[in-house]
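Structure, as structure tokens:
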Amino acid sequence: MSARRTVGPLPLAALFAAAACNSLSHQVAGPAPARVALLPFAGTLAPADRDLARELLAFRLRERGYLVQDTAATDRLLSESGWLTDAATFAPAAVPTATACTRLQVDACIVGTSFDRLQSNLVLWRRHALDASLALQRADGSPFWRANGRRTAHGGLVLQSGQLLRELQQQLDHGSPMQTLALLDDLIDAIAATVPSRSAAAAADATAATPPLLATAVPMPPHTTVSVDAPPTATVWLDLPGERAVPMASVGGGFAVTRDTPGAGPASVHARLPFAGAAAALATAPVVRR
Amino acid sequence: MTMALVGGRRRTFAALLLGLATACTTSTTHTVAAPEFAPLRAAGLRVAVLPFTVSAPEDGFLSAALAPVAQVLALEAGGPDLMRARLGDRLRGDLVKWLQRGDLRLVDPWHSDTALGHAGWSPQAMQDRTRAAEAARLLQVDAILYGDVTRWNRDWYVVQSTVAVAVAIELRHQDGRVLFTADRLERIGSGVTGGPTGYVSALTEPIAGLKASHLEGLTRAVARGLAMDLGADGSDGDARRHALAPHLSVVAPAFPHAGALRAGDRLEVTAIGTPDCEVRFDLGRLLVGVPMAQVAVDASGRSARATYRGYYVVPAAGRALDLPLSCTIRPHTGVGNGERLVWLGTVPWAPQAP
């Protein structure tokens, strides 16, 4: 009886570990959207790791033929709309997809919820897992794709099926930041592979040339306001003598920033269109002083 | 004859096992850095990463011999040919993503591709290392990083399988000199070299080891490893950089009045930290990287500290929004670790109404 009690947990642990292995499920419905934006991911994973996951997914989706909005532009537009205050506590469920798609000028949004990290190590059995749930929702609210995935680095001296040397090596890596990043990388790659690919030609249809920028500086001593005509979804910054890369805020149909009047010297504005990767995605113009 | 054949097989098998004994899970790297690389990087090396070439040999033996287990060997995204064609892009993209988390100042690949494309460069021309100086001039960078995928292969020996990915990178200065090279090989062996086989069959373990996911995983591991090779400057270099990492001790905003900020209001932010660094503040994700200027340095204490000040004029008024305020400090060179400090409070910003 007591022998049974001693042995009992091992098969249970083995069963549990087997059930806690890598998993991935996804659903796809209807035609693929072209332009997508990735909303900040939510979950218990560290904010920096969630940001990394978002960038990795954006990169993978671009590879698969999607026009993915520059995440900096997405965040700025979400902030301007009042949906994003602190990215660490961002709640994607509170964002109305239809309105957000209109505001972001995209066909669909990727909503990432429950990016979570689970970790335990009992030497005989160990597990380090990352979970993620993602959905690509069209502007009309209908889901095009959704996926749930888990990546687990699990093992232990009992469960590693005799690969003793490898297990000893892996014990050293268990739970390390690099292992977390590797799992995250692996998870995002697996999830991205379930998104149907779009053809490169379809992606190219929206690669418009960068419109010419028109930047003007109006002195209002002791300040100077620089205004730029640029698409509202662009990311725009200003270089002044002594100040580099001042972010510009969206005002009306363009961008503006007010600075203390700079000294003599060249000033220029730079704009990056939201779908990075497209040809001619960067534009630069000198500031015309009035 | 038969005996001789058996003996020869035994010797071959023993040699194979010996050869594989080191191949359980290995990561080997060989780096060579020119003497001027470290000082150049410390001065703030600006680097463009050009498209990678793929010179890995064909995986002929594997596809011919193990066709019956194609389910195990199938690569995830559309078969080996497609994967192979996109491998260079994948590794380049991965490497850039990891390098962006490190010390080098990188030009976004889309920017370098666009600039060179507009200048009439073909993809082959971009991979031509003899044109490094020309490319650097065109892209206005200090150095060009080239890469070549030299291995992306799998081997199966009945009781043992290996999956290997190797990439060689070369960093060339704008004058054409080679500043840094690294050859990195990541390999997983499955089967007899994993240790004494237990309750998983000695035959199924090697086949399981050939899973495409292993190859994919190694591909990403190589990118991460190369980024570390290129980002770290040696044994004591990391410790030295950590010790010299700039530090922020105080971040505080100054509001012109109580309540939400209005159009035309000037939000001032003050930070105290290590002197002679680049300091910027963020208001949530709405305004990222507003520059701050060093206005004073106090060298009277145990260590010098500087006061930085930045400002932003509220461009338009709308619905009030409580945004977090944070500051980031980095060395002026762009090289080395930075630090981010979050102010415990929120700024009652008033963004433009949608």
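Return yes or no: is B:G93 out of contact with any His (no Cβ under 9 Å at 6 or more places or on another chain) and assigned to a helix (DSSP H, G or I)? Considered against the rule, which asks whether it is out of contact with any His (no Cβ under 9 Å at 6 or more places or on another chain) and assigned to a helix (DSSP H, G or I), B:G93 comes out as yes. Annotation: of all residues in the range A:37-73 being in contact with a Leu (Cβ under 8 Å, 6 or more places away or on another chain) and without any contact (Cβ under 8 Å) to a residue 40 or more places away in the chain, the one that is nearest to A:A135 (Cα to Cα) is A:A58. Within the range B:262-301, if we keep just the residues that are aliphatic (A, V, I, L, M) and under 15 Å from A:A249 (Cα atoms), the residue that is farthest from the chain's Cα centre (by Cα) turns out to be B:A263. Counting only residues that are polar (S, T, N, Q) and either more than 14 Å from chain A (Cβ to nearest Cβ) or not in a helix (DSSP H, G or I) (or both), the range B:96-112 holds 1 of them. Need the failing condition index for B:T114 against (1) surrounded by 18 or more Cβ atoms within 10 Å (Cβ to Cβ); (2) out of contact with any helix residue (DSSP H, G or I) (no Cβ under 9 Å at 6 or more places or on another chain); (3) modelled with pLDDT of 85 or more, just the number. Status for B:T114: all satisfied but (3).
Please go through the range B:257-276 and pick out each residue that is out of contact with any Leu (no Cβ under 9 Å at 6 or more places or on another chain) and surrounded by 13 or more Cβ atoms within 10 Å (Cβ to Cβ).
The answer is B:R262, B:A263, B:G264, B:D265, B:R266, B:E268, B:T270, B:P275.
Of the residues making up the range A:85-106, those that are touching a Gly at 6+ places or on another chain (Cβ under 7 Å) and part of a loop (DSSP other than H, G, I, E, B) are A:T85, A:D86.
When the range A:38-63 is filtered for residues that are touching a Pro at 6+ places or on another chain (Cβ under 8 Å) and within 27 Å of A:S199 (Cβ to Cβ), the ones remaining, listed by number, are A:L39, A:R54.
Out of the residues in the range A:269-283 that are touching a Ser or Thr at 6+ places or on another chain (Cβ under 6 Å) and of a type outside the set (A, V, I, L, M), state the one that is modelled with the highest pLDDT. In this case the residue turns out to be A:H270. Looking across the range B:266-297, the residues that are over 25 Å from A:A88 (Cα atoms), assigned to a strand (DSSP E or B) and touching a Pro at 6+ places or on another chain (Cβ under 8 Å) come down to B:R266, B:C277, B:Q294, B:V297.
When B:L82, B:L66, B:L87 are screened for being within 14 Å of chain A (Cβ to nearest Cβ), in contact with a Phe, Trp or Tyr (Cβ under 7 Å, 6 or more places away or on another chain) and at pLDDT below 80, only B:L87 passes.
For the range B:69-76, the count of residues that are surrounded by 12 or more Cβ atoms within 10 Å (Cβ to Cβ) and at pLDDT 65 or above is zero. Residue count for the range B:113-139, restricted to those that are within 11 Å of chain A (Cβ to nearest Cβ) and under 22 Å from B:A223 (Cβ atoms): 1. Within the range B:117-127, the presence of at least one residue that is outside any helix (DSSP H, G or I), at pLDDT 80 or above, more than 22 Å from the chain's Cα centre (by Cα) and surrounded by 15 or more Cβ atoms within 10 Å (Cβ to Cβ) is confirmed. Cβ separations smaller than 6 Å between residues 6+ apart or across chains give the following pairs from the range B:242-268 residues that are on the phi < 0 side of the Ramachandran plot to residues that are among the polar types (S, T, N, Q) and modelled with pLDDT of 80 or more: B:P246/B:T274; B:H247/B:T274; B:A252/B:T270. Taking the listed residues A:R103, A:R35, A:R126, the one that is modelled with pLDDT under 85 and crowded, with 17+ Cβ neighbours inside 10 Å is A:R126, with no other qualifying.
Within the range A:191-214, the set of residues being out of contact with any Gly (no Cβ under 6 Å at 6 or more places or on another chain), crowded, with 17+ Cβ neighbours inside 10 Å and at pLDDT 65 or above comprises A:A192, A:A193, A:T194, A:V195, A:L213.
The values are calculated or read from the model by the stated rules, or taken from the named source; none is laboratory data. Given the structure is predicted, the values throughout are model-derived calculations rather than measurements. Using ideal geometry, Cβ is built from the backbone for each residue, glycine included, and neighbour counts are taken over all protein chains shown.
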